[in-house]
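Below you'll find the structure, written out as C-alpha cells, and then a few comments.
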Amino acid sequence: MTDDQAPTADDALMVNAALAIPRHELEARASRSGGPGGQHVNTSSTRVEVRWNVEQSLALTDEQRERLRSRLASRLDGAGYVRVVASDHRSQRRNREAAESRLAEVVRQALVVPKTRKATKPSRAAKRARLEDKKKQSDKKSRRRWTLD
C-alpha cells in the first residue's frame, strides 16, 4: 500500500468514517485465560490483549490525539498505550476480533465531540404557569394548617 492510498478494512481497524487504525500499529499478545474450563483452558493461549499507542500513531490528527489523551487518561499507560483484553471465546482468533472491536468502540466513544449547550430562557407563559402552580400548592398547604383563633 502506498502513502496516498487509504487503508482498507483488511489492513486497518475501522473506527469511524474519519479514522482507521492501521493493523501494523496494533500489538497483540496471547496468553492463557483464567477461570473455569478444564484441560482446554489450562493448555491454550486464547486470551488476547491488544495494545495501541495513541502517542505514536500516524493515523491520528493532533486534535484527535489530544481528545483521546484527555478522554482516555485513565486507560492510557505511561508510554501512551491503550490496552483492551478479550477472553470470551475458546478461539484465539475470535478473541482477537473481539478485542479489536472493543478497542474500536472505546476510541469511537472517546472521539465523540459533545454538543455545546445553548442557554435558553423560559417563555413568559411558562413563568406564569410555574408561579400559578406555586400559588396553588401554597394555598393547598395553607388550608391544611390548624389555627387557634
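No lab work stands behind these numbers, since they all come straight from the coordinates. Predicted, not measured: the structure shown is a model, and the values here were computed from it. All Cβ positions, even for glycine, are placed from backbone atoms using ideal geometry, and neighbour counts span all protein chains on display.
Taken over region 52-105, the criterion of being among the hydroxyl-bearing types (S, T, Y) and within 29 Å of S33 (Cβ to Cβ) is satisfied by S57, S74, Y81, S87, S91, S101. Candidates in region 98-149 are the residues that are within 34 Å of the chain's Cα centre (by Cα) and among the basic types (K, R); of these, the one that is farthest from R69 (Cα to Cα) is K121. The set of residues in region 114-130 that are surrounded by 10 or more Cβ atoms within 10 Å (Cβ to Cβ), of a type outside the set (G, A, S) and not in a loop (DSSP other than H, G, I, E, B) comprises K127, R128, R130. A count restricted to region 77-94 and to residues that are over 15 Å from I21 (Cβ atoms) and either among the hydrophobic types (A, V, I, L, M, F, W, C) or under 12 Å from the mean Cα position of the chain (by Cα) (or both) stands at 3. What pairs come up if the first residue lies in region 70-95 and is over 17 Å from R29 (Cα atoms), the second is crowded, with 16+ Cβ neighbours inside 10 Å and polar (S, T, N, Q), and their beta carbons are under 9 Å apart, counting only those six or more places apart or on different chains? Listed by first residue and then by second, the contacts come to G80/S57.
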